[in-house]
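The values are calculated or read from the model by the stated rules, or taken from the named source; none is laboratory data. The structure displayed is predicted, hence computed values, not measured ones. Cβ placement follows ideal geometry from the backbone for every residue including glycine, while neighbour counts extend to all protein chains displayed.
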Amino acid sequence: MTTTELGHRLRSMGMEEQLVTMAVTVVMDRIGRLTKEDRDDLFALVKELACATTDEDRLGIRDTMVEILDVRTTTVERADLSEGGAHSDKWLKWTEWVSKKIRDARTEALLTQEQLAEKTGLPQSHISRIENAKHSPARATIEKIANALGKPVAFFDFN
(Lines give C-alpha, C1' and ligand atoms only; values in the text may rest on other atoms or scores of the structure.)
Protein backbone atom coordinates (compact mmCIF):
# COMPACT_ATOMS: atom_id res chain seq x y z
CA MET A 1 0.00 0.00 0.00
CA THR A 2 1.44 3.37 -0.98
CA THR A 3 1.53 6.33 1.38
CA THR A 4 -1.15 8.06 -0.69
CA GLU A 5 -3.43 5.01 -0.56
CA LEU A 6 -2.88 4.72 3.19
CA GLY A 7 -3.73 8.42 3.61
CA HIS A 8 -7.01 8.01 1.69
CA ARG A 9 -7.90 4.92 3.69
CA LEU A 10 -7.13 6.59 7.03
CA ARG A 11 -9.36 9.58 6.26
CA SER A 12 -12.35 7.25 5.91
CA MET A 13 -11.80 5.72 9.39
CA GLY A 14 -12.51 6.74 12.93
CA MET A 15 -9.65 7.95 15.15
CA GLU A 16 -9.12 4.66 17.01
CA GLU A 17 -9.14 2.63 13.80
CA GLN A 18 -6.65 5.10 12.29
CA LEU A 19 -4.29 4.66 15.25
CA VAL A 20 -4.51 0.88 15.13
CA THR A 21 -3.93 0.83 11.37
CA MET A 22 -0.90 3.11 11.65
CA ALA A 23 0.55 1.07 14.55
CA VAL A 24 0.12 -2.22 12.68
CA THR A 25 1.66 -0.69 9.54
CA VAL A 26 4.74 0.44 11.51
CA VAL A 27 5.08 -2.95 13.26
CA MET A 28 4.78 -4.82 9.95
CA ASP A 29 7.48 -2.60 8.43
CA ARG A 30 9.78 -3.12 11.41
CA ILE A 31 9.25 -6.90 11.44
CA GLY A 32 10.16 -6.94 7.76
CA ARG A 33 13.54 -5.36 8.56
CA LEU A 34 14.45 -7.81 11.34
CA THR A 35 16.96 -10.61 11.06
CA LYS A 36 15.57 -14.14 11.29
CA GLU A 37 16.96 -14.46 14.83
CA ASP A 38 15.30 -11.23 15.98
CA ARG A 39 12.01 -12.27 14.34
CA ASP A 40 12.19 -15.62 16.14
CA ASP A 41 12.84 -13.83 19.45
CA LEU A 42 9.97 -11.43 18.83
CA PHE A 43 7.53 -14.24 18.05
CA ALA A 44 8.68 -16.15 21.16
CA LEU A 45 7.89 -13.03 23.20
CA VAL A 46 4.42 -12.79 21.64
CA LYS A 47 3.77 -16.34 22.86
CA GLU A 48 5.09 -15.44 26.33
CA LEU A 49 2.85 -12.38 26.40
CA ALA A 50 -0.20 -14.59 26.04
CA CYS A 51 0.82 -16.42 29.24
CA ALA A 52 1.99 -13.41 31.27
CA THR A 53 0.04 -13.08 34.49
CA THR A 54 1.37 -9.87 36.03
CA ASP A 55 1.67 -6.30 34.83
CA GLU A 56 5.40 -6.46 35.58
CA ASP A 57 5.79 -9.47 33.27
CA ARG A 58 3.74 -7.80 30.54
CA LEU A 59 5.77 -4.58 30.80
CA GLY A 60 9.05 -6.48 30.68
CA ILE A 61 7.95 -8.38 27.59
CA ARG A 62 6.75 -5.15 25.99
CA ASP A 63 10.07 -3.41 26.68
CA THR A 64 12.01 -6.30 25.14
CA MET A 65 9.72 -6.33 22.11
CA VAL A 66 10.25 -2.59 21.65
CA GLU A 67 14.03 -3.09 21.89
CA ILE A 68 13.89 -5.74 19.16
CA LEU A 69 11.58 -3.66 16.96
CA ASP A 70 13.60 -0.47 17.39
CA VAL A 71 15.38 -0.83 14.07
CA ARG A 72 15.24 2.78 13.02
CA THR A 73 18.25 4.23 11.31
CA THR A 74 20.11 7.13 12.79
CA THR A 75 20.86 10.37 11.03
CA VAL A 76 23.64 11.32 13.42
CA GLU A 77 26.31 8.87 12.26
CA ARG A 78 26.37 5.34 10.94
CA ALA A 79 29.01 3.17 12.53
CA ASP A 80 31.07 1.13 10.11
CA LEU A 81 31.44 -2.13 11.99
CA SER A 82 32.95 -4.02 9.10
CA GLU A 83 36.48 -5.26 9.52
CA GLY A 84 38.80 -2.29 9.31
CA GLY A 85 35.95 0.22 9.71
CA ALA A 86 36.53 3.39 11.72
CA HIS A 87 34.46 2.24 14.71
CA SER A 88 34.77 -1.52 14.36
CA ASP A 89 37.65 -2.16 16.76
CA LYS A 90 36.22 -0.13 19.63
CA TRP A 91 32.67 -1.43 19.13
CA LEU A 92 33.75 -5.05 18.80
CA LYS A 93 35.98 -4.78 21.87
CA TRP A 94 33.06 -3.39 23.88
CA THR A 95 30.69 -6.09 22.62
CA GLU A 96 33.18 -8.84 23.43
CA TRP A 97 33.95 -7.32 26.83
CA VAL A 98 30.32 -6.92 27.94
CA SER A 99 29.48 -10.37 26.57
CA LYS A 100 32.21 -11.92 28.71
CA LYS A 101 31.12 -9.93 31.79
CA ILE A 102 27.55 -11.16 31.37
CA ARG A 103 28.60 -14.77 30.77
CA ASP A 104 31.01 -14.72 33.74
CA ALA A 105 28.41 -13.17 36.07
CA ARG A 106 25.81 -15.73 34.97
CA THR A 107 28.12 -18.69 35.55
CA GLU A 108 29.25 -17.22 38.87
CA ALA A 109 25.57 -17.06 39.88
CA LEU A 110 25.29 -20.74 38.86
CA LEU A 111 22.56 -19.97 36.34
CA THR A 112 21.99 -21.50 32.93
CA GLN A 113 21.08 -19.29 29.99
CA GLU A 114 17.54 -20.62 30.29
CA GLN A 115 17.36 -19.61 33.96
CA LEU A 116 18.72 -16.14 33.22
CA ALA A 117 16.22 -15.82 30.38
CA GLU A 118 13.38 -16.64 32.78
CA LYS A 119 14.61 -14.11 35.34
CA THR A 120 14.96 -11.35 32.75
CA GLY A 121 11.97 -12.08 30.54
CA LEU A 122 14.30 -12.28 27.54
CA PRO A 123 14.38 -15.22 25.15
CA GLN A 124 17.23 -17.68 25.79
CA SER A 125 18.38 -17.26 22.20
CA HIS A 126 18.78 -13.51 22.84
CA ILE A 127 20.92 -14.24 25.93
CA SER A 128 23.01 -16.65 23.85
CA ARG A 129 23.60 -14.13 21.07
CA ILE A 130 24.62 -11.49 23.64
CA GLU A 131 27.01 -13.86 25.45
CA ASN A 132 28.58 -14.92 22.15
CA ALA A 133 29.07 -11.28 21.07
CA LYS A 134 26.68 -11.71 18.14
CA HIS A 135 24.42 -8.94 19.46
CA SER A 136 25.29 -5.86 21.47
CA PRO A 137 22.75 -5.37 24.25
CA ALA A 138 20.84 -2.13 24.70
CA ARG A 139 20.97 -0.35 28.04
CA ALA A 140 17.50 -1.69 28.98
CA THR A 141 18.71 -5.26 28.39
CA ILE A 142 21.82 -4.70 30.50
CA GLU A 143 19.59 -3.34 33.28
CA LYS A 144 17.39 -6.46 33.16
CA ILE A 145 20.43 -8.74 33.22
CA ALA A 146 22.09 -6.78 36.04
CA ASN A 147 18.91 -6.95 38.15
CA ALA A 148 18.53 -10.68 37.50
CA LEU A 149 22.15 -11.31 38.50
CA GLY A 150 22.07 -9.03 41.54
CA LYS A 151 24.75 -6.76 40.08
CA PRO A 152 24.75 -2.99 39.75
CA VAL A 153 24.44 -1.79 36.15
CA ALA A 154 27.85 -0.12 36.55
CA PHE A 155 29.35 -3.64 36.86
CA PHE A 156 28.84 -3.95 33.10
CA ASP A 157 30.30 -0.53 32.21
CA PHE A 158 33.28 -0.63 29.87
CA ASN A 159 36.38 0.88 31.42
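Just a few scattered comments:
- The condition of being assigned to a loop (DSSP other than H, G, I, E, B) and at pLDDT below 85 does not hold for residue 21.
- Filter pass, residue 82 being modelled with pLDDT under 85 and in contact with a Leu (Cβ under 6 Å, 6 or more places away or on another chain): no
- Residue tally, condition more than 27 Å from residue 46 (Cβ to Cβ) and either in a helix (DSSP H, G or I) or modelled with pLDDT under 90 (or both), over segment 104-141: 4
- Test for residue 141: is it in contact (Cβ under 8 Å) with a residue 60 or more places away in the chain, of a type in the set (S, T, N, Q) and within 25 Å of residue 50 (Cα to Cα): yes
- For the condition closer than 26 Å to residue 136 by Cβ, surrounded by 14 or more Cβ atoms within 10 Å (Cβ to Cβ) and either at pLDDT 85 or above or hydrophobic (A, V, I, L, M, F, W, C) (or both), residue 59 does not qualify.
- Filter result (surrounded by 13 or more Cβ atoms within 10 Å (Cβ to Cβ) and more than 18 Å from residue 61 (Cβ to Cβ)) within segment 141-152: 146, 149, 151
- Within the set 30, 72, 39, the sole residue that is modelled with pLDDT under 85, under 15 Å from the mean Cα position of the chain (by Cα) and among the basic types (Lys, Arg) turns out to be 72.
- Lone qualifier among 44, 50 - being modelled with pLDDT of 85 or more and loosely packed, with under 12 Cβ neighbours inside 10 Å: 50
- For residue 16: the one exception among (1) at pLDDT 80 or above; (2) within 15 Å of the chain's Cα centre (by Cα): (2)
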